[in-house]
1. For the chain, what is the calculated [θ] at 222 nm in deg cm²/dmol (nearest 500), taking -39500 (n - 2.57) for each run of four or more DSSP H residues and dividing by its residue count?
2. What is the range 3-175's relative contact order, in percent, from Cα pairs under 8 angstrom and six or more apart in sequence?
3. Taking 37 °C and 0.692 mPa s as the conditions, I'd like the Stokes-Einstein D for the chain in µm²/s, using the Kirkwood hydrodynamic radius from alpha carbon pairs.
4. Is the shape of the range 161-302 best called rounded, prolate or oblate, per the rule: a/c under 1.5 gives rounded, else a/b larger than b/c gives prolate, else oblate, with a ≥ b ≥ c the square roots of the Cα gyration tensor eigenvalues?
5. Just the number, please: percent antiparallel of the DSSP beta bridges in the chain, rounded to the nearest 5.
6. Report, in degrees rounded to the nearest 10, the 0 to 90 angle that the Cα long axis of helix 73-95 makes with the longest principal axis of the chain.
7. Quote the relative contact order of the chain in percent (integer), defining contacts as alpha-carbon pairs under 8 Å separated by 6+ residues.
8. How big is the charge dipole of the range 3-175 about its Cα centre, in debye rounded to the nearest 20, if each Lys and Arg gets +1 on its Cβ and each Asp and Glu gets -1 on its Cβ?
Amino acid sequence: MPNRKVTYRLYPNAEQEARLQETRGLHQRLYNTALEERIRVYQETGKGLSFADQCKALTHWRKTIPAWAKLNAQSQQVTLKRLDFAFQQFFRRLKHGKRPGFPRFKSLRRYPGWGYKTHGDGWKLHPGAAGKHGKLYVQGIGMVPFRGKARTPGTPVTCDILHKVGKWYASVTLKIEAIQRERGTEMGAFDWSLMDFLTIATPKGLQTVTNPRHLKNQMAEVKRLGQAVSRKIRMAQRISGKQKGFPVSASLRKAIQQLARLHAKIARSRKDVLHQTSAWLVKRFGALATEALDVKNMVHHGGVRTKGLNREIHDAAPGAFLQMIKTKVEEAGSWYEEAPTREIRPTQRCHACWRVPEEKKTLSDRQHQCPHCGVTCDRDENAARVLLRWLETRLAGLRGSGREPSEVWSGRSFAAMKHETHAIAV
Ligand SMILES: [Zn+2]
């Protein structure tokens, strides 16, 4: 059974808010103390502490520190586990010849919250009617009202309590029953871009899906607020004569907070849009292809415009989008493939003659003009058509087996074939 994450917004009263803050502070101190302990023991003995060692130490600490004894023990173990994970990551990178940063002490500001690993141990979810809204019991804090709804109902497993830009959230993992999602019948390939969001090529023609207006408006608002923040920072720098460590005025603090809130809001609406769009794609298409996105690569080769573009690439979250499609495709049992970018080169290759021009397109070239066959079209349109042709070839390769591509994605036989293709998501 697969797991899903659902985030609920918590609405604590003043007293609960104070206790939540206190709990967060106690977990932060536990994290830092455990880190200090690891460093101390290593310096004294030359040996590291394991997660199990630290759980033993925790039992001792709980006996001697009254404030810690009041916290849920399992949630404290989760905090120790997070530190252990930071060390594992550190050693893994070290082993791979990288130069990782040593796990750091965390200030309260950089400490978002804590977690629980078993439902009923320290927390309990009480969803409202039809699974919408409800109350979350948190040990030592009480019944906290929440708003939100799981897209798919399930059994609660783990819970993380998070504090972000002045607001509290509970991120709950649900174990869900296998879903049967409606499967589409069409064949299509799509290219993702900053301008149009999606350009979809089908055997019948072309379709573009643009970012919804409310998202564009919010982006414009972010730009405006961002400029206001920079202006205020420049002014504070000029008045104090300091580049760093200048006094932060109330109005600057307020502007920064507004900006952070809007960023969080955009992230939420974008996630909604990505969920809706991926559901729509899977409902319509039985066979779907796109390019395997190498975000890191795109970011590194951004060139002069890197700064602004980086932000846009990350905001658009192509990785998250493709992951949503993969999950839904599995639920529907449809066909999904990602074309290997280096081999196929959908942006560079010509969809009409399948040749790759010598002169490379850069990020700013919005047109595809083939020097070989003379075809001219929009850059994203070309990429989508290249991907569609690639998908058709992949599916045509199955014709030898006596099956038509249409049977492959609507018939029962296809589950067995899934394992033969390399690009299908696991
Ligand atoms: Zn051509």
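1. After summing the helix terms and dividing by the residues of the chain, the value is -15500 deg cm²/dmol.
2. With pairs under 8 Å counted, the relative contact order is 33 percent.
3. 129 µm²/s
4. prolate
5. Roughly 80 percent of the beta bridges in the chain run antiparallel, per DSSP.
6. 60 degrees
7. 15 percent
8. 740 debye
All of the numbers you see were taken from the coordinates with simple rules; none came from a lab. These numbers were taken from a predicted model, which means no experiment stands behind them. Glycine also receives a Cβ, built like all others from the backbone with ideal geometry; neighbour counts cover every protein chain displayed.
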